[in-house]
Amino acid sequence: MSISLNLPPGFARIPIDGDLDARIEAAQSIAALADRGSADPATVAEAVLATGDMLRSNGTILAGQLALPETDPSVHAMVTLSTRRLGDGGPELPDLESRVESARAIAKVLSHQNPHATVQYRDLGCGPVVLILRAGHFQLPSDVTVTGESIEIPTDTFQAILPTPDGNSLLVFDMSTSAREHWHHFLPVAMSMVNGIRVDGSPNPAEPLPHRNEDLR
């Protein structure tokens, strides 16, 4: 299965695939960009390589950090694109109607399982897709903070789920950031990236079927 998408300016890619020498070179480049005098570049490069290996083992095929020119350089979002196997022997979904049916079913299930999230079914350039927007937070433990007190950090997540033509897997695009006040800058970029995803180089019909875009909430 061949997957392609356009990467926006400001996207720093974490090396996941390729030969070891190429991944080491990419990790060293990231370490050099990240170096602010507070960390050893070699240590940073090693951590980047380990992160790439971990992501690849979990089915991630693309990962990186996105910074935008209209925001402060310290503001960024994490982006991943992964494949999720559904098991062998599933029905193939070679035509648009089959993938529409699959995406609608996924959206219906997720809308019930995530009552506090916004779940939508949409027809985009990538084909039938389920969009999920979640607002949440995570607790930073006191033993890793400067003040010695735990800190609650807000985090917003945008997710897009696309059924693939083989019927055995899903493509999952994920963008998350703790910079909630800049979320309106990141969302259009996320939508553009999702819209540009192509599987096996085959674009979908230019004219979407009518009455397809709907908010399941």
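Here are the numbers for the structure shown:
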quantity: Residues being under 29 Å from residue 187 (Cα atoms), out of contact with any Pro (no Cβ under 6 Å at 6 or more places or on another chain) and at pLDDT below 85 - total across region 5-31; calculated: 8
quantity: Strands (runs of 3 or more DSSP E) contained in region 65-142 and holding at least 2 residues modelled with pLDDT of 90 or more, hydrophobic (A, V, I, L, M, F, W, C) and closer than 30 Å to residue 27 by Cα; calculated: 77-85
quantity: Some residue of region 148-163 being at pLDDT below 80 and under 24 Å from residue 83 (Cα atoms); calculated: yes
quantity: Any pair with Cβ under 6 angstrom, 6 or more apart, that starts in region 31-49 at a residue that is within 18 Å of residue 64 (Cβ to Cβ) and ends at one that is hydrophobic (A, V, I, L, M, F, W, C) and modelled with pLDDT of 75 or more; calculated: 31/45; 45/27; 48/27; 49/27
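The values are calculated or read from the model by the stated rules, or taken from the named source; none is laboratory data. Computed from a predicted structure; not experimentally measured. Note that we place each Cβ from the backbone using ideal geometry, even for glycine, and neighbour counts take in every protein chain shown.
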